[in-house]
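Beneath this line is the structure, given in C-alpha coordinates, with notes to follow.
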Amino acid sequence: MEIPYVTEPRKDTGLYNAKVGIWLFLASEVMLFGGFFSSYILLRVGAVEGAWPTGLLNVPIGTFNTLVLILSSVTVVLAWSALKLKDFKKYKFYQAITIICAFVFVGVKSFEYRDKLTHYDVVLNDGMRVDGHLVEKTEEFITLSHPVSYPAEKGIAYRPIAIAEMAKAEAAHADDEHAADDAHAGGHGDVTIQMADVKKMTNWGPWANTYFAIYFTMTFLHGLHVVGGVLVIAYLWGPGAKMWKTDPERYTNRIEVSGLFWHFVDLVWIFLFPVLYLL
(Lines give C-alpha, C1' and ligand atoms only; values in the text may rest on other atoms or scores of the structure.)
Protein backbone atom coordinates (compact mmCIF):
# COMPACT_ATOMS: atom_id res chain seq x y z
CA MET A 1 0.00 0.00 0.00
CA GLU A 2 1.40 3.35 -1.05
CA ILE A 3 1.36 6.19 1.47
CA PRO A 4 -0.29 9.28 -0.04
CA TYR A 5 1.02 12.82 0.05
CA VAL A 6 4.70 12.01 0.69
CA THR A 7 5.72 14.21 -2.21
CA GLU A 8 2.60 15.89 -3.56
CA PRO A 9 0.74 18.42 -1.38
CA ARG A 10 -2.49 17.63 0.43
CA LYS A 11 -5.60 19.39 -0.87
CA ASP A 12 -6.66 20.57 2.60
CA THR A 13 -3.34 22.06 3.73
CA GLY A 14 -1.36 22.57 0.54
CA LEU A 15 1.57 20.77 2.21
CA TYR A 16 2.92 17.23 2.03
CA ASN A 17 2.55 15.03 5.11
CA ALA A 18 6.02 15.48 6.58
CA LYS A 19 5.79 19.25 6.38
CA VAL A 20 2.45 19.25 8.18
CA GLY A 21 3.99 17.03 10.85
CA ILE A 22 7.08 19.19 11.40
CA TRP A 23 5.01 22.38 11.74
CA LEU A 24 2.80 20.71 14.37
CA PHE A 25 5.91 19.48 16.18
CA LEU A 26 7.52 22.92 16.07
CA ALA A 27 4.34 24.41 17.53
CA SER A 28 4.77 22.15 20.56
CA GLU A 29 8.44 23.15 20.76
CA VAL A 30 7.46 26.81 20.82
CA MET A 31 5.24 26.09 23.82
CA LEU A 32 8.08 24.19 25.54
CA PHE A 33 10.69 26.92 25.17
CA GLY A 34 8.04 29.60 25.67
CA GLY A 35 7.41 28.19 29.14
CA PHE A 36 11.11 28.37 30.00
CA PHE A 37 11.49 31.92 28.70
CA SER A 38 8.38 32.99 30.61
CA SER A 39 9.78 31.46 33.79
CA TYR A 40 13.04 33.30 33.25
CA ILE A 41 11.23 36.63 32.84
CA LEU A 42 9.19 36.11 36.00
CA LEU A 43 12.26 35.14 38.05
CA ARG A 44 14.31 38.01 36.67
CA VAL A 45 11.60 40.62 37.26
CA GLY A 46 10.88 39.23 40.72
CA ALA A 47 14.52 39.33 41.83
CA VAL A 48 15.64 41.89 44.37
CA GLU A 49 17.13 44.95 42.70
CA GLY A 50 20.87 44.52 42.22
CA ALA A 51 20.79 40.85 43.17
CA TRP A 52 20.56 39.33 39.68
CA PRO A 53 24.02 38.25 38.43
CA THR A 54 25.36 39.75 35.21
CA GLY A 55 28.65 39.51 33.39
CA LEU A 56 29.33 35.91 34.47
CA LEU A 57 29.33 34.42 30.95
CA ASN A 58 31.94 34.72 28.21
CA VAL A 59 30.34 37.03 25.63
CA PRO A 60 33.00 36.57 22.88
CA ILE A 61 32.60 32.78 23.04
CA GLY A 62 28.81 33.11 22.99
CA THR A 63 29.07 35.47 20.01
CA PHE A 64 31.28 32.99 18.18
CA ASN A 65 28.79 30.19 18.78
CA THR A 66 25.97 32.42 17.53
CA LEU A 67 27.85 33.07 14.29
CA VAL A 68 28.50 29.34 13.92
CA LEU A 69 24.79 28.56 14.13
CA ILE A 70 23.88 31.38 11.74
CA LEU A 71 26.38 29.97 9.24
CA SER A 72 24.81 26.52 9.63
CA SER A 73 21.37 27.99 8.88
CA VAL A 74 22.74 29.43 5.65
CA THR A 75 24.40 26.18 4.56
CA VAL A 76 21.33 24.05 5.32
CA VAL A 77 19.29 26.29 2.98
CA LEU A 78 22.00 26.11 0.31
CA ALA A 79 22.03 22.31 0.66
CA TRP A 80 18.27 22.08 0.11
CA SER A 81 18.49 24.54 -2.79
CA ALA A 82 21.21 22.41 -4.40
CA LEU A 83 18.92 19.37 -4.29
CA LYS A 84 16.12 21.36 -5.92
CA LEU A 85 18.60 22.13 -8.71
CA LYS A 86 19.54 18.42 -8.90
CA ASP A 87 23.14 19.14 -7.82
CA PHE A 88 23.85 16.35 -5.34
CA LYS A 89 27.57 17.14 -4.98
CA LYS A 90 26.88 20.70 -3.86
CA TYR A 91 24.26 19.40 -1.45
CA LYS A 92 26.82 17.07 0.13
CA PHE A 93 29.31 19.93 0.42
CA TYR A 94 26.96 22.43 2.03
CA GLN A 95 25.39 19.89 4.36
CA ALA A 96 28.84 18.76 5.48
CA ILE A 97 29.50 22.34 6.59
CA THR A 98 26.20 22.28 8.52
CA ILE A 99 27.27 19.12 10.35
CA ILE A 100 30.71 20.55 11.14
CA CYS A 101 29.14 23.75 12.50
CA ALA A 102 26.87 21.69 14.76
CA PHE A 103 29.81 19.79 16.24
CA VAL A 104 31.77 23.03 16.68
CA PHE A 105 28.83 24.53 18.55
CA VAL A 106 28.53 21.53 20.87
CA GLY A 107 32.30 21.49 21.43
CA VAL A 108 32.39 25.17 22.38
CA LYS A 109 29.40 24.75 24.67
CA SER A 110 31.15 21.81 26.37
CA PHE A 111 34.17 24.07 26.95
CA GLU A 112 31.88 26.66 28.53
CA TYR A 113 30.33 24.05 30.81
CA ARG A 114 33.75 22.85 31.93
CA ASP A 115 34.82 26.43 32.60
CA LYS A 116 31.80 26.98 34.87
CA LEU A 117 32.13 23.66 36.69
CA THR A 118 35.78 24.39 37.53
CA HIS A 119 35.03 27.93 38.75
CA TYR A 120 34.61 27.87 42.52
CA ASP A 121 32.81 30.34 44.76
CA VAL A 122 34.10 30.28 48.36
CA VAL A 123 32.47 32.13 51.26
CA LEU A 124 34.87 32.62 54.17
CA ASN A 125 34.19 32.72 57.90
CA ASP A 126 35.30 36.36 58.03
CA GLY A 127 32.44 37.44 55.74
CA MET A 128 34.44 37.71 52.50
CA ARG A 129 33.79 35.84 49.25
CA VAL A 130 36.54 34.64 46.91
CA ASP A 131 35.93 33.09 43.52
CA GLY A 132 38.27 31.81 40.83
CA HIS A 133 39.19 28.78 38.76
CA LEU A 134 40.19 25.63 40.59
CA VAL A 135 43.89 24.83 40.63
CA GLU A 136 44.00 22.26 43.43
CA LYS A 137 41.62 20.99 46.07
CA THR A 138 42.42 18.79 49.07
CA GLU A 139 40.88 18.11 52.47
CA GLU A 140 43.11 20.83 53.96
CA PHE A 141 42.99 23.62 51.37
CA ILE A 142 41.72 24.86 48.00
CA THR A 143 43.80 26.89 45.52
CA LEU A 144 42.13 29.25 43.04
CA SER A 145 43.66 31.10 40.11
CA HIS A 146 42.85 34.72 39.20
CA PRO A 147 40.82 35.22 42.39
CA VAL A 148 38.21 37.93 42.85
CA SER A 149 37.50 38.97 46.44
CA TYR A 150 34.56 41.00 47.76
CA PRO A 151 32.14 41.06 50.73
CA ALA A 152 29.91 37.97 50.72
CA GLU A 153 26.88 39.96 51.83
CA LYS A 154 26.85 41.85 48.54
CA GLY A 155 26.18 38.64 46.63
CA ILE A 156 27.67 37.31 43.42
CA ALA A 157 25.94 40.06 41.42
CA TYR A 158 28.59 42.40 42.88
CA ARG A 159 31.40 40.47 41.17
CA PRO A 160 31.68 42.63 37.98
CA ILE A 161 31.83 45.76 40.17
CA ALA A 162 34.56 44.16 42.29
CA ILE A 163 36.59 43.36 39.16
CA ALA A 164 36.22 46.96 37.95
CA GLU A 165 37.39 48.25 41.32
CA MET A 166 40.37 45.89 41.24
CA ALA A 167 41.24 47.03 37.73
CA LYS A 168 41.08 50.67 38.74
CA ALA A 169 43.28 50.10 41.78
CA GLU A 170 45.80 48.03 39.83
CA ALA A 171 45.95 50.59 37.02
CA ALA A 172 46.58 53.40 39.51
CA HIS A 173 49.56 51.58 41.00
CA ALA A 174 50.78 49.86 37.86
CA ASP A 175 54.47 49.92 37.01
CA ASP A 176 53.87 48.75 33.44
CA GLU A 177 51.04 48.63 30.91
CA HIS A 178 50.32 44.94 31.52
CA ALA A 179 49.19 45.33 35.12
CA ALA A 180 45.82 46.81 34.14
CA ASP A 181 45.19 43.89 31.76
CA ASP A 182 45.87 41.43 34.59
CA ALA A 183 43.41 43.27 36.80
CA HIS A 184 40.71 43.12 34.13
CA ALA A 185 41.21 39.36 34.00
CA GLY A 186 39.96 39.23 37.59
CA GLY A 187 43.13 39.57 39.62
CA HIS A 188 46.40 37.72 39.11
CA GLY A 189 48.30 34.82 40.60
CA ASP A 190 46.87 32.10 42.82
CA VAL A 191 45.36 32.15 46.27
CA THR A 192 45.31 29.23 48.71
CA ILE A 193 42.47 29.05 51.22
CA GLN A 194 42.51 26.77 54.23
CA MET A 195 39.37 24.63 54.59
CA ALA A 196 39.14 25.68 58.23
CA ASP A 197 38.45 29.22 57.02
CA VAL A 198 35.69 28.15 54.61
CA LYS A 199 32.06 28.68 55.59
CA LYS A 200 30.48 27.59 52.29
CA MET A 201 31.86 26.48 48.94
CA THR A 202 30.37 25.56 45.57
CA ASN A 203 31.27 25.69 41.90
CA TRP A 204 29.32 27.56 39.23
CA GLY A 205 27.08 24.62 38.42
CA PRO A 206 23.27 24.70 38.17
CA TRP A 207 23.08 24.35 41.96
CA ALA A 208 25.04 27.57 42.60
CA ASN A 209 22.12 29.99 42.25
CA THR A 210 18.93 30.65 40.28
CA TYR A 211 20.79 32.28 37.40
CA PHE A 212 23.04 29.30 36.75
CA ALA A 213 20.11 26.92 37.21
CA ILE A 214 18.34 28.74 34.37
CA TYR A 215 21.51 28.93 32.26
CA PHE A 216 22.28 25.23 32.46
CA THR A 217 18.66 24.11 32.06
CA MET A 218 17.92 26.18 28.97
CA THR A 219 21.26 25.77 27.23
CA PHE A 220 21.37 22.01 27.95
CA LEU A 221 17.85 21.56 26.58
CA HIS A 222 18.85 23.56 23.51
CA GLY A 223 22.02 21.48 23.21
CA LEU A 224 19.95 18.28 23.17
CA HIS A 225 18.00 19.72 20.26
CA VAL A 226 21.25 20.55 18.45
CA VAL A 227 22.53 16.99 18.93
CA GLY A 228 19.20 15.46 17.87
CA GLY A 229 18.97 17.68 14.81
CA VAL A 230 22.52 17.05 13.63
CA LEU A 231 22.11 13.27 14.05
CA VAL A 232 19.13 13.36 11.68
CA ILE A 233 20.96 15.62 9.23
CA ALA A 234 24.07 13.42 9.38
CA TYR A 235 22.02 10.27 8.77
CA LEU A 236 20.32 11.81 5.72
CA TRP A 237 23.72 13.04 4.52
CA GLY A 238 25.26 9.56 4.95
CA PRO A 239 23.31 6.27 4.88
CA GLY A 240 19.98 7.94 4.19
CA ALA A 241 21.31 9.51 0.98
CA LYS A 242 20.54 6.26 -0.86
CA MET A 243 16.97 7.53 -1.28
CA TRP A 244 18.27 10.19 -3.67
CA LYS A 245 18.69 7.49 -6.32
CA THR A 246 15.30 5.84 -5.76
CA ASP A 247 13.02 8.74 -4.83
CA PRO A 248 14.79 12.12 -5.16
CA GLU A 249 11.66 14.21 -4.58
CA ARG A 250 10.87 12.51 -1.27
CA TYR A 251 14.51 12.76 -0.24
CA THR A 252 14.50 16.50 -0.99
CA ASN A 253 11.39 16.88 1.17
CA ARG A 254 13.14 15.13 4.06
CA ILE A 255 16.03 17.55 3.78
CA GLU A 256 13.58 20.45 3.83
CA VAL A 257 11.86 19.12 6.95
CA SER A 258 15.15 18.56 8.80
CA GLY A 259 16.17 22.07 7.73
CA LEU A 260 13.01 23.58 9.22
CA PHE A 261 13.82 21.94 12.55
CA TRP A 262 17.39 23.23 12.32
CA HIS A 263 16.17 26.78 11.70
CA PHE A 264 14.02 26.53 14.83
CA VAL A 265 17.03 25.38 16.87
CA ASP A 266 19.05 28.32 15.57
CA LEU A 267 16.22 30.75 16.28
CA VAL A 268 15.97 29.56 19.89
CA TRP A 269 19.68 30.25 20.38
CA ILE A 270 19.33 33.72 18.88
CA PHE A 271 16.91 34.44 21.73
CA LEU A 272 18.98 32.62 24.36
CA PHE A 273 22.20 34.47 23.56
CA PRO A 274 21.07 38.04 24.35
CA VAL A 275 18.85 36.95 27.25
CA LEU A 276 21.55 34.98 29.08
CA TYR A 277 24.78 36.61 27.89
CA LEU A 278 23.98 40.28 27.27
CA LEU A 279 21.11 41.34 29.55
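The values are calculated or read from the model by the stated rules, or taken from the named source; none is laboratory data. Here the structure is a predicted model, which means the values were calculated and not measured. Methodologically, a virtual Cβ is constructed for each residue, glycine included, from the backbone with ideal geometry; neighbour enumeration extends over all protein chains shown.
Filtering TYR91, TYR150 for residues that are surrounded by 15 or more Cβ atoms within 10 Å (Cβ to Cβ), more than 17 Å from the chain's Cα centre (by Cα) and assigned by TED's automatic domain parsing to the domain that holds ALA234 leaves a single hit, TYR91.
Just one residue in the set PRO239, PRO248, PRO274 is touching a residue at least 60 places away in the same chain (Cβ under 8 Å), surrounded by fewer than 20 Cβ atoms within 10 Å (Cβ to Cβ) and more than 25 Å from VAL122 (Cβ to Cβ); that residue is PRO248. Cβ-Cβ distances below 6 Å connect the following pairs, each with a first residue in region 210-230 that is of a type outside the set (Phe, Trp, Tyr), a second residue that is not in a helix (DSSP H, G or I), and a separation of six or more residues or different chains: ALA213/PRO206. ILE100 meets each of the listed conditions (1) without any contact (Cβ under 8 Å) to a residue 12 or more places away in the chain; (2) over 29 Å from GLU249 (Cβ atoms) apart from (2).
Counting residues in region 119-134 that are surrounded by 16 or more Cβ atoms within 10 Å (Cβ to Cβ) and closer than 23 Å to LEU221 by Cβ gives one or more.
A quick yes/no check of all residues on (1) modelled with pLDDT of 95 or more; (2) closer than 30 Å to GLU140 by Cα; (3) assigned to a helix (DSSP H, G or I):
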site	(1), (2), (3)
ALA169	no, no, yes
ALA208	no, yes, no
THR217	yes, no, yes
LEU221	yes, no, yes
VAL227	yes, no, yes
TYR235	yes, no, yes
LYS245	no, no, yes
LEU272	yes, no, yes
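Of all the residues in region 132-168, those that are free of Cβ contacts under 8 Å to residues at least 40 places away in the same chain and closer than 19 Å to PRO206 by Cβ number 1.
Taken together, the residues in region 30-77 that are free of Cβ contacts under 8 Å to residues at least 12 places away in the same chain and not in a helix (DSSP H, G or I) amount to 2.
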